[in-house]
Amino acid sequence: MADAHFEVGDEVEVTSPIHNMRGTTFPAKIVAKSRTKSKFKVEYNRAKARIDRKIGGGHKGGNAALREEVDAALLRPSPPRESDYRFKLGDVVDAFFCGGWWEGVVVTDVLVDNTFGVYFRFAKEKFEFEPEELRLHREWVNGSWIPPLQQGDVLDAEEPKIRMKEELIEGTAVEVCTDEDGFQGAWFAANIVEVMEKDKFLIRYKAIKTDDNRELLTEEVDAKHVRPRPPKVVVAGSFSLTEEVDAFYNDGWWEGVIRKVLHGRRYKVYFKGTDDELLLQHSDLRPRQDWIDRTWVMASQALKH
């Protein structure tokens, strides 16, 4: 696409040049023209900055938005979307999470919780998404969308505002932490039984039982110790040295950092909260995400001492 089609202030999407993020685009805004006519300076949101450090090993700034120069060939306009489209099996779609749109295929029709199963070829895994987190996949070729959008079936061309489930109500699946010694940095799966007054919830754990081991533990917790269940994140390849992760053991997800990468997709993981180190399998880990301003963002890669 010709450079003249883009101006400072335009909302665009940037195609990732990173191999294990093929088919991924990130919303951004053009903030300046480069001295090189074939490049523009763009600004991403914090979620993109976090995942760029995680997968690409690049920018290592703080929580500020990420700015970088990109080739004009990697830019495209923010695509419009169909109104009231009903996704179906076999649809090639883009799924929104971790600050970007990831290409996949619908392989499971509407499930009981009104979600769709989307398979990512590059990760060889399936994940579930709500309709609002999906759009039909299209390519921007010579100034046109392929396949073309049908007139009358288009929403506003601005980037859709995708929000994660934020409302914590009775029955919501959540994770709960505690300030108790020996459990710092651990999150345990639970469901909200009752929304109480003064920023409190009555929750029932999914794996922790009462002292007599006869039933699941139910207790009252402060809202500051409760967060929604984090979305699943595609892990293409292996975790990296110093990468922040959650490790599943002792019925919970414990915040740790990769201290050593071993053969056979095994890792030594250090837990700052308990000053322990464990040898764990790849399947025991997930990328660490933080619940910030009602949005899930990837944790920074570097271990802060």
Quiz item: Once the Cα gyration tensor of segment 172-228 is found, what semi-axes does its equivalent ellipsoid get, as square roots of 5 times the eigenvalues, in whole Å, sorted largest first?
Solution: 17, 15, 10
Quiz prompt | Separation of the His263 and Leu217 label points, Cα + 7 Å toward Cβ, nm | solution = 4.1
Exercise. At 0.36 nm per residue, minus the direct Cα-Cα distance, what do Glu130 and Ala73 gain on full extension? Give it in nm, one decimal, please.
Key: 17.4 nm
Exercise. Compute the signed sum of charges (Lys and Arg +1, Asp and Glu -1) over the other residues within less than 9 Å, Cβ to Cβ, of Ala189.
Key: 0
Quiz prompt | Filter on Lys232/Lys260; Lys124/Lys224; Lys224/Lys260; Lys124/Lys260 - keep pairs with C-alpha separation over 29 Å | solution = Lys124/Lys224; Lys224/Lys260
Quiz prompt | Gained length - Glu170 relative to Val141, 0.36 nm times residue gap less alpha-carbon distance | solution = 5.7 nm
Quiz prompt | Whole-percent carbon and sulfur share, accessible surface of segment 187-251, 1.4 Å | solution = 45
Exercise. Sort the following peptides by mean Cβ neighbour count (other Cβ atoms within 10 Å, averaged over residues), highest first: 281-287, 180-186, 206-212.
Key: 281-287, 180-186, 206-212
Quiz item: Percent of alpha carbon pairs in segment 243-298 separated by more than 13 Å?
Solution: 59
Practice problem: Could you tell me whether segment 189-305 comes out rounded, prolate or oblate from its Cα gyration tensor? Rule is a ≥ b ≥ c as square roots of the eigenvalues, rounded for a/c under 1.5, then prolate if a/b exceeds b/c, otherwise oblate. | Solution: prolate
Exercise. Only residues of segment 168-211 count here: report those whose backbone N is under 20 Å from the spot 7 Å along Cα→Cβ of Thr108, or say none.
Key: 172-175, 189-191
Quiz item: Given R₀ = 30 Å, FRET efficiency for His225-Asp275 by Cβ-Cβ distance, to 0.05?
Solution: 0.85
Quiz prompt | Solvent-accessible area per residue, Å², over segment 243-298 with all protein chains present [probe radius 1.4 Å] | solution = 52
Quiz item: Which length gain, in nm to one decimal place, applies between Phe183 and Val195 when the Cα-Cα distance is subtracted from 0.36 nm times their residue separation?
Solution: 1.9 nm
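The values are calculated or read from the model by the stated rules, or taken from the named source; none is laboratory data. None of the values given here were measured: they were computed from a predicted structure. Methodologically, a virtual Cβ is constructed for each residue, glycine included, from the backbone with ideal geometry; neighbour enumeration extends over all protein chains shown. SASA here: full protein model, heavy atoms, side chains in, ligands and nucleic acids out. Shrake-Rupley method; radii C 1.70, N 1.55, O 1.52, S 1.80 Å.
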